[in-house]
Amino acid sequence: MSKTHEEAAIEDAEGLTSKLIFEVIRRDGVEELARPKLSLMWSGVAAGIMISLSVLGEAIFRTYLPDAQWSYLVENLGYSLGFLVVILGRMQLFTENTITTVLPVMTTPTASMFGRTASLWAIVLLANVVGAFAVASVFAFTSAIPAELIPAIQELSEHATGFAPFEAFQRAIPAGVLVAAIVWMLPQSEGFEALTIIMFTWLIAAGDFTHIIAGSVEMAFLLIQGLLSPSDALFDFFIPVLAGNVLGGTAIFALLSFGQVRHELNAR
């Protein structure tokens, strides 16, 4: 059977309308939901480890840049490093899944689809956190990271986990929206994927928004050294930021993206 014009456009991802972008991401989500759980787990652990490059990149810039007003803006370019590796490497990052795997649920809202999505979310989130704790242990207890970078890593970690719970929740909402926006724009960013990721993840850092997985590296770095209590880590940081990222990525962005194409999808 020959491909339809729509299918060819989806595969080429060139000149896509909103409806076709939605369909590209939805099909991506269907493929993710069909992946073996073990593959999701290892991909999620890898993402949790590699997202630490965001913390490391910021720490390097903070350590070696001069004390100037513009240093903050340059420093936050380091935050993009982990996201570049994870997103371009097609690793499982929880905040990406809050839109990618939700679109299939929106088009096929069955109990089975809800269950599969919840299972994927749980596996990926747990795997991301395991990876974050593993790499934080390397940062804290080995000499793999130069000693002169440790004070900057600690400063960044204390800042990321130092918000009051409701403020952490509110700051997590824009981060969820921005990560979801990256997912939405990538099909139309052929040749400029890296620039898209850098611009929007830099904005997360420069805007001082909170991200659950990159922040989990910072949380774990403090927690395993006794510099943050388990209750503060869970109730002041992890749960509020997780809720804010999900609200921003799913309840706001995914619903808005679905709203603008819903009637076109029904008309197919």
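The values are calculated or read from the model by the stated rules, or taken from the named source; none is laboratory data. All values derive from a computational prediction rather than experimental measurement. In this analysis, Cβ positions are derived from the backbone assuming ideal geometry, glycine residues included, and neighbour counts consider all displayed protein chains.
Observations, loosely collected:
- Single residue of the range 23-73 satisfying the filter (among the hydroxyl-bearing types (Ser, Thr, Tyr) and surrounded by fewer than 20 Cβ atoms within 10 Å (Cβ to Cβ)) that is nearest to Ala122 (Cα to Cα): Ser39
- The lone criterion from (1) surrounded by fewer than 20 Cβ atoms within 10 Å (Cβ to Cβ); (2) of a type in the set (Val, Ile, Thr); (3) modelled with pLDDT under 95 left unmet by Val102 is number (1).
- As for the range 176-184, it holds no residue that is in contact (Cβ under 8 Å) with a residue 40 or more places away in the chain, among the small types (Gly, Ala, Ser) and over 16 Å from Gly244 (Cβ atoms).
- Some residue of the range 197-215 being among the charged types (D, E, K, R) and part of a helix (DSSP H, G or I): no
- Residues being out of contact with any Gly (no Cβ under 7 Å at 6 or more places or on another chain) and either part of a helix (DSSP H, G or I) or within 17 Å of Glu218 (Cβ to Cβ) (or both) - total across the range 172-194: 11
- Counting only helices (runs of 4 or more DSSP H) that sit wholly inside the range 1-63, those with at least 3 residues that are modelled with pLDDT of 95 or more and touching a helix residue (DSSP H, G or I) at 6+ places or on another chain (Cβ under 9 Å) are 37-50.
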